[in-house]
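Before any comments, here is the structure.
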Amino acid sequence: MACLGGTACVVTGQPFDTAKVKMQTFPDMYKGIVDCFVKTYKQVGFRGFYKGTTPALVANIAENSVLFMCYGFCQQIVRRIVGVDRKTKLSDLQNAAAGSFASAFATLVLCPTELVKCRLQAMHEMQLSGKITQGQNTVWSVVKSVIQKDGPLGFYRGLSSTLLREVPGYFFFFGGYELSRTFFASGRSKDELGPIPLLLSGGFGGSCLWIAVYPVDCVKSRIQVLSMAGKQTGFMGTFVTVVRTEGVLALYSGLKPTMIRAFLANGALFLAYEYSRKLMMNQIDSY
């Protein structure tokens, strides 16, 4: 389930995610999403849109594996907290809380892979800006560089920012998804929904997540990418510096490609997840 969902998420959304990271980290280089796509294609070619795909796939599969595995576990914790039976269906708000709890566990596997992904995506801009002299544009070279420079803990640069994004973000993610499914179900069982309502519900959930936490993600990207050139201040230090020197709107650089990606990728993610889950449950029931 996680492999199918994670692969669907990355294949549909990677070019938009690449544009997001580039625009977040170097907002002065690009006038907008079209300018970013055109310049990337001219300078690096089509492969430039898929820089960081391998760590992105690993990140998505690992995150979704932990997230959806822990989601069921956290739903049981929520049931205990509110004092209901193990088989009782949770409300949309309670499912959102369970998703938020689950995301804290997913952060531990997501942060290292996302750091490698972001560095690969913005490597060209780091060279253009003169912040680094020679780009290391393979997964292994970035991994080796992090280990040599900072040791294993170097992979957890931006961990606090990732947590600040994931925990509230996934409350809105699962909350938006479940609310949307409730809307489309109109009193019927949510399990009866077809592919279009599931796609739209997943897209809506993803959009809710990014609208809620985008400035936090922008700070995270800056910390993870710019730390290639030297030690960065923490979340609050970076946040204050961006607001003071570039203004609040700089925290929303790259929002447009993110929203396009969020709708497409998360629609594909939840559609793949729900259908693979149903297939698995049918196989279990047949034994």
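The values are calculated or read from the model by the stated rules, or taken from the named source; none is laboratory data. Note that the structure is predicted; figures quoted are calculated from it, not measured. When we count neighbours, we look across all protein chains shown, and the Cβ atoms used for this are built from the backbone with ideal geometry, even at glycine. Quick note on the areas: whole protein, heavy atoms, side chains included, nothing else; ligands and nucleic acids left out. Shrake-Rupley method; radii C 1.70, N 1.55, O 1.52, S 1.80 Å.
Of all residues in the range 229-271, those satisfying the criterion of being closer than 30 Å to G151 by Cα and either at pLDDT 85 or above or small (G, A, S) (or both) are A229, G230, G234, F235, M236, G237, T238, F239, V240, T241, V242, L251. The single condition from (1) open to solvent by 10 Å² or more (accessible area, probe 1.4 Å); (2) in contact with a Leu (Cβ under 6 Å, 6 or more places away or on another chain) that C218 fails is (1). Selection within the range 205-228: residues that are within 16 Å of Y156 (Cβ to Cβ) and among the small types (G, A, S). The member of this set that is modelled with the highest pLDDT is S221.
Taking only the range 140-199 into account, find how many residues are among the acidic types (D, E) and farther than 28 Å from V225 by Cα. So that I can check it myself, show each step before the final result.
Of the residues in the range 140-199, the ones among the acidic types (D, E) are 150, 166, 178, 191-192.
With the extra rule that they be farther than 28 Å from V225 by Cα, the set shrinks to 178, 191-192.
Within the range 140-199, residues that are among the acidic types (D, E) and farther than 28 Å from V225 by Cα number 3.
From the list M236, M228, which residue is farther than 23 Å from R261 by Cβ, of a type in the set (A, V, I, L, M, F, W, C) and open to solvent by 60 Å² or more (accessible area, probe 1.4 Å)? Spell out the reasoning first.
Working: M228 fails: open to solvent by 60 Å² or more (accessible area, probe 1.4 Å).
Testing whether each residue is farther than 23 Å from R261 by Cβ, of a type in the set (A, V, I, L, M, F, W, C) and open to solvent by 60 Å² or more (accessible area, probe 1.4 Å) leaves just M236.
The criterion of being among the small types (G, A, S), more than 16 Å from the chain's Cα centre (by Cα), buried (at least 20 other Cβ atoms within 10 Å of the Cβ) and assigned to a helix (DSSP H, G or I) holds for A272. If the condition is being hydrophobic (A, V, I, L, M, F, W, C), surrounded by 15 or more Cβ atoms within 10 Å (Cβ to Cβ) and part of a helix (DSSP H, G or I), then the range 179-203 contributes L179, F184, A185, L198, L199, L200.
From the set of residues in the range 12-60 that are over 24 Å from T113 (Cβ atoms) and of a type in the set (D, E), which is surrounded by the most Cβ atoms within 10 Å (Cβ to Cβ)? Even if it seems obvious, please write down each step before you answer.
Filtering the range 12-60 for residues over 24 Å from T113 (Cβ atoms) gives 27-35, 37-39, 41-43, 45.
Checking which are of a type in the set (D, E) leaves us with 28, 35.
Values: D28: 10, D35: 13.
This residue is D35.
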